[in-house]
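**Q** Take this structure first; my questions come after.
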Amino acid sequence: MTLIENKNYHRKFYTILMTVAFFLNTSQYDCIPKFLMHFYIFDWMMFVTLAAGYIFFYEKPGMSLGMELIQYMIVGILYTLIFLVFILKNEAIMSNYNFIQTKFIHWSNKKSLHPNAVYKKNIKIVKSLAIPLATLSLSIAFGPLVSTINDIGRLPLDNRTHFVLFWPKIVDTNKISMYGIIYAVQVLFTVILYISSLSFNLGFMVFLNELTNQFEILLDGINDAFKYKRDKQFQPLFIDCIRHHQIIIKFLDDLKSYFKWIILIEIIVVQVVLAILIYNLTKVNASIGYKVKVAGSLLFNLLPICFHCHIGEVILSLHTRLSNHIYNMVWYDMPNKNKQLLVIMFQRTQRDLTLSSALFSNERASRSLISKVIKQVYTILNVLLKT
């Protein structure tokens with residue numbers, strides 16, 4: 001269980017989010033993260049990957065349905081692999097969580113800043129995202145229902161486009177009552193799938209905003225130290241800045257240890273998924289409800305990698321800003337001992353803090369990576385259109 005330095009700082013949102021997103025044991029109920037861990041993986045593998053795979057291999061679908069089934073199988077594998085990364089890198093994620101609950105609180109208190117300022121900001125962001133994310137989720141969950149209503153009298157009730165997920169036909173879903181039951185169950189499992197994906201991206205958002213705030217505190221600390229650049233008081237103040245920066249570096253090292261695998265998995269998988277979805281959106285002759293579902297799925301798979309690349313851009317810009325900030329300080333009239341501390345700090349800012357992909361270190365989480373993914377999607381899409 002994580003210890004919080006000051007018990008007055010209640011952060012229930014963080015406690016719940018880290019359990020739901022990363023399976024961290026943040027309470028005395030250690031069975032909850034274990035249950036969520038197994039349930040998420042079971043949900044994605046059984047009800048998405050294996051169910052779609054069974055239909056693909058045993059029912060011999062046509063081109064359009066076959067492509068969508070492949071997309072479902074790939075997405076299921078994508079999220080299963082991501083959750084396996086969280087399991088294997090649990091210590092690093094817990095370290096990040098401990099930092100925002102202890103060390104970051106310590107440095108905020110030291111600078112007479114309220115530690116919950118960023119916490120409240122994160123809650124406001126989540127509230128502002130509620131309606132757009134709910135709209136996206138509803139488009140995927142209820143798009144097939146719109147198709148069902150639109151196809152009355154034209155297609156049988158058990159047509160594949162009338163369901164959120166692709167499951168083998170075990171019962172007769174041509175009956176309205178049975179169709180309603182299966183559809184409701186699928187929507188329930190789909191909501192769980194959304195939560196599993198949304199939660200860890202919100203977790204990354206929390207880490208990013210907390211980290212950004214610490215950089216701002218560090219910059220203010222450097223400015224305060226330089227007010228005494230010719231005095232002995234400069235040394236303890238600037239040594240504090242060096243220590244604070246070291247805490248930030250350790251936080252980033254832990255983040256990089258698992259984030260690089262997320263980027264690698266997304267590079268390999270997402271471009272194929274996006275190409276298939278665009279193919280289905282443009283080539284499949286289906287009702288508007290089906291198009292809405294596919295468009296929602298397109299955004300569901302595109303937005304996370306864009307957000308992860310944004311995280312990489314922000315972290316890189318923060319450290320570049322810190323380096324420039326120190327370099328532009330008027331330091332030439334400082335005593336030599338003070339200059340030596342400045343050199344130490346400046347050397348630390350030269351570390352490579354880019355969030356790169358595992359195995360392919362030249363692939364960095366940045367806007368350029370999004371451009372590469374889009375180009376690759378275009379290439380794969382051309383191959384599909386010629387098939």
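FYI, it's all coordinate maths here, none of it is from the lab. Not measured: the values here are computed from a predicted model. So basically every Cβ, Gly included, is an ideal-geometry build from the backbone, and we count neighbours across all protein chains shown.
**Q** How far, in degrees from 0 to 90, does helix 288-327 lean away from the longest principal axis of the Cα atoms of the chain, to the nearest 10?
**A** Helix 288-327 and the main axis of the chain meet at about 10 degrees.
**Q** Right, next: I want to check the label-to-label distance for residue 150 and residue 285. Put each point 7 Å from Cα in the C-beta direction and report it in nm to one decimal.
**A** Each label point is offset 7 Å from its Cα along the Cβ direction, giving 1.5 nm.
**Q** Let me ask something else. Relative to the longest principal axis of the C-alpha atoms of the chain, give the angle of the C-alpha long axis of helix 31-44, reported between 0 and 90° and rounded to the nearest 10°.
**A** 50
**Q** Tilt of helix 336-348 relative to the longest C-alpha principal axis of the chain, in degrees (0 to 90, nearest 10)?
**A** That works out to roughly 10 degrees.
**Q** Just the ratio, please: alpha-carbon radius of gyration of the range 175-239 over 2.2 N^0.38 Å, N its number of residues.
**A** Against the compact-globule rule of thumb, the ratio is 2.43.
**Q** Using the Karplus curve 6.51 cos²θ - 1.76 cosθ + 1.60 with θ = phi - 60°, what ³J(HN,Hα) values do you get for each residue of the range 148-160, in whole Hz, with x for Gly and Pro?
**A** 3J(HN,Hα) across the range 148-160, in whole Hz: 4, 5, 5, 9, 4, x, 10, 10, x, 4, 8, 4, 4.
**Q** While we're on this one: In deg cm²/dmol, rounded to 500, what helix-only [θ] at 222 nm does the chain give when every DSSP H run of at least 4 residues adds -39500 (n - 2.57) and the total is split over its residues?
**A** -26000 deg cm²/dmol
**Q** Return the long-range amide H neighbours of residue 355 (sequence gap of 5 or more, or a different chain), with a cut-off of under 5 Å between placed amide H atoms.
**A** 365
**Q** Calculate the spin-label point distance for residue 253 paired with residue 368, positioning each point 7 Å from the Cα along the beta-carbon direction, and give it in nanometres.
**A** For the pair residue 368/residue 253, the computed spacing is 2.6 nm.
**Q** Which value in Å is the Kirkwood Rh of the chain over different Cα pairs?
**A** That comes to 23.3 Å for the chain.
**Q** Please enumerate, by chain and number, the lysines with C-alpha under 22 Å from the C-alpha of residue 256, excluding those fewer than 8 residues away in the same chain.
**A** 89, 103, 372
**Q** Give me the net charge of residue 161's neighbourhood, meaning all other residues with Cβ under 13 Å from the Cβ of residue 161; Lys, Arg count +1, Asp, Glu -1.
**A** After counting each charged neighbour, the total is +1.
**Q** For a quick check: sort 244, 308, 325 by the number of other beta carbons within 10 angstrom, fewest at the front.
**A** The fewest-first ordering by Cβ neighbours comes to 325, 308, 244.
**Q** Hey, in the GNM for the chain with a 10 angstrom Cα cutoff, which one of 216, 266, 59 fluctuates hardest?
**A** Ranking 216, 266, 59 by mean-square fluctuation puts 59 first.
**Q** What whole number of Å gives the distance from the Cα centroid of the range 162-224 to the Cα centroid of the range 227-302?
**A** Cα centroid of the range 227-302 versus Cα centroid of the range 162-224: 16 Å apart.
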